[in-house]
1. May I ask you to derive the FRET efficiency for residue B:306 and residue B:5 from their Cβ-Cβ distance with R0 = 35 Å, giving the value to the nearest 0.05?
2. Would the stretch B:51-180 count as rounded, prolate or oblate if I go by the C-alpha gyration tensor, calling it rounded below 1.5 in a/c and otherwise prolate when a/b exceeds b/c, oblate otherwise?
3. Please figure out what share of the DSSP beta bridges in the stretch B:6-230 is antiparallel and state it in percent, rounded to the nearest 5.
4. Listing A:187, B:237 from the residue with the fewest other Cβ atoms within 10 Å to the one with the most, what is the order?
5. What does the charge add up to near residue A:290, with Lys and Arg as +1, Asp and Glu as -1, over the other residues with Cβ less than 12 Å from its Cβ?
6. I need the GluC sites (Glu not before Pro) found in the stretch A:23-119, filtered to DSSP loop residues with at most 14 other beta carbons within 10 Å of theirs.
7. Averaged over its residues, how many other protein chain Cβ atoms are within 10 Å of peptide B:108-121's Cβ atoms?
8. For residue B:237, which sequence-distant residues (separation of 5 or more, or a different chain) have an amide H within less than 5 Å of its own amide H, given hydrogens modelled in the peptide plane?
Amino acid sequence: MSDLHAAPAAADDVSWSQWKLIRVKFGSHKLALVSIWLLGAFYLVALFAQFLAPYGTWQPSPYAYAPPTHIHFFFHGKFVGPMVYRTRIESDPETFERHFVVDASRPARIHWFVRGASYRWLGFIPSSLHLFGVEQDAQLNLMGTDILGRDCFSRDLIATQISLTVGLIGVFITFVLGCLIGGASGYYGGVVDNVVQRFVEFVTCLPTVPMWMALGAAIPASWSNLKVYFTITVILALRSWTGLSRQVRSKLLEMREEDYIVAARVAGATDWEIILRHLLPGFASYLIVNLTVEIPRMILGETTLSFFGLGLRPPTVSWGVLLQDAQNLAAISTYPWLMFPACMVVVCVLAFNFLGDGLRDAADPYKE
Amino acid sequence: MTEQRNLLTVRDLSKSYRLGGGFFDAREGTVRAVDRVSFSVERGRTFGLVGESGSGKTTIGRMIVRVVEPDQGAILFAGAASQTIDLAALTARQMRPLRRRMQMIFQDPLSSLDPRMTVARIIGEPLRAVHGVAPGDLRDRVAEVTELVGLRREHLDRYPHAFSGGQRQRIGIARALVTGPELVVADEAVSALDVSVQAQVLNLMRDLQQKLGVTYLFIAHDLGVVRYLCDTVAVLYRGRIAEIAEKRDLYRTPRHPYTESLIAAVPPPEPEDGPAPQPREPAALDQAPDHEAPAAGCPYRARCPYRQEICAHQEPALRAIAPGHSVACHFDLQLKGI
Ligand SMILES: Nc1ncnc2c1ncn2[C@@H]1O[C@H](COP(=O)(O)OP(=O)(O)O)[C@@H](O)[C@H]1O
Ligand SMILES: [Mg+2]
């Protein structure tokens, strides 16, 4: 009856590391798995948006508020591959109402790898290559067009770039502030902790939306979009680090009480060794979980600000900027495709939340 | 007793904690967690420290290994070169070279092992803090200690969660012994274990003491476990020593009413070869008011069945009543005779 040879619960997981346990546990969370693929797809789209989009963000056409173009594969009963019909605009002589008339006699083939609007990939590699497109005199608007006849599908794709990265920069700033301030508070304790906690309470008390509006309104209209973009991320981050800093602090206070930290001090490890060997590894999984919660909050924040006209402005495109066009009820009911960016926001934020749920469950594999 | 025979001598060790501690916390005052405690631990033997929960045992143990700063008092540690060092007077930096000579075993075998480290890294940690140990030597030494505590080499690559409670405590013991320390503070080392496993771990600790000549400061909350391992026992009550004696004297002729009640809580004595099963930790009655009670009077009087007039006015000092036997009680009569 020796305890030495008592087999632990699962005999084959004895040498699994924490990360392996996390992977196994995460793998059983189906919704989180789907989400991680979905988010991967989102970021791939963002990376190659200009290439995937048939048009640029600023290519006006006479076809204002054109509905989504239908794609056909058969012409006169014969398979010819994907193609669209050319469209004409006609005005009703009495009401002056415009109609889009599909001319079924003039098909236009969809071509792969075509030259079109030029762009700079990743901001510096000049290119004009697009995955697909049609001839100049035809229209291919998978998501219809907006008031200036610009292709909504292209704009939606390219908007993911700003919308998904404004979150990352903001989250990075949030994390640096949250970890440093919360870390100092929890690690030093005492007076430092007290002062920091009162400051955190003060910042938490500032009402979010009015503060954003005030700061957003203070951005001069003459600033370049890049400058505005950066300022917004900083504004969002300046408010959102408080939650994280509190969590970092309490987690640190909790971990400091663990006997293995005391054991390391008895062993003679220095503060830095303890932070690097014990506290940070214990924290890593926890921080990743927090990331998945912070990023969608930043995305929503940018969308909200831009929607109210306080954040990004045209000609920059982001989900919030695009949704400005869908601000009135008439537009939504007549041109429902303008709402598509809202769907992308919802799907993206939900995916981040499911991912966060899955990670949260998996992050502490030793908790039963 | 000469200083030479004693590895460790603690003199007037005290520690207070502020109640509350918040900036705007209305509560005033302090808890005297440890109050002028003095004792000596003989080299190669086991000194028991017994008391109910909250009596200051952990605080004493942690002050000795200097992870809790003492408020006052001396911790005299006899160096191998026969010179005595006051640990309480050292800075953290001066303390570092001494760390390898004193280690600690913890109560909760799971919480005391970092779940993200392999057993090899956990056991090797105290060695890594000693500078100038070559990686090869470190591995050899870790493997050696691992086998010494009855684990196998293939356990070294596993993580703590894969082990049973008793095995985890063996890992903790291996970590404590890897630097070849002279003093090991075992803070309730078996309290969290099943009774059958307790016996194995206690046997292991006794065997290791015989093999290595290590000195234990063995902390427990009941006298059952202490009886098996300890040579000398100090009974702690509310941060103060109530009674201190050789084990035999303490069990045969307890002089303090608190010691008597602790002995009554232990099942009838067994032959010396096995530890008695451990009773539940006695709940500390009316702890808070008692802690804050004015200094005058005996701290135990509220629970004492033998209390007299004098107990409310005068605090009994710890005084010797026989060689090696001291008690902090006004009455040096045999208790049963009062
Ligand atoms: N870090 C701390 N802060 C405040 N009070 C403490 C702290 N550590 C211990 N105490 C108090 O000191 C007393 C003794 O605690 P401890 O040494 O842990 O007792 P034991 O180990 O005998 O159970 C208790 O009243 C406890 O509440
Ligand atoms: Mg304790």
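None of the figures in this text is laboratory data; all of them are computed from the coordinates on show. Quick caveat, the model's predicted, so the values are computed rather than measured. Here Cβ is always computed from backbone atoms with ideal geometry, including for glycine, and neighbour counts include all displayed protein chains.
1. Plugging the Cβ-Cβ distance into 1/(1 + (r/R0)^6) gives 0.50.
2. oblate
3. Antiparallel bridges make up about 55 percent of those DSSP assigns within the stretch B:6-230.
4. Least to most surrounded, the residues fall as A:187, B:237.
5. Local charge sum for residue A:290: +3.
6. A:94, A:97
7. Per residue, the average neighbour count from other chains is 5.
8. Under 5 Å from the amide H of residue B:237: B:242.
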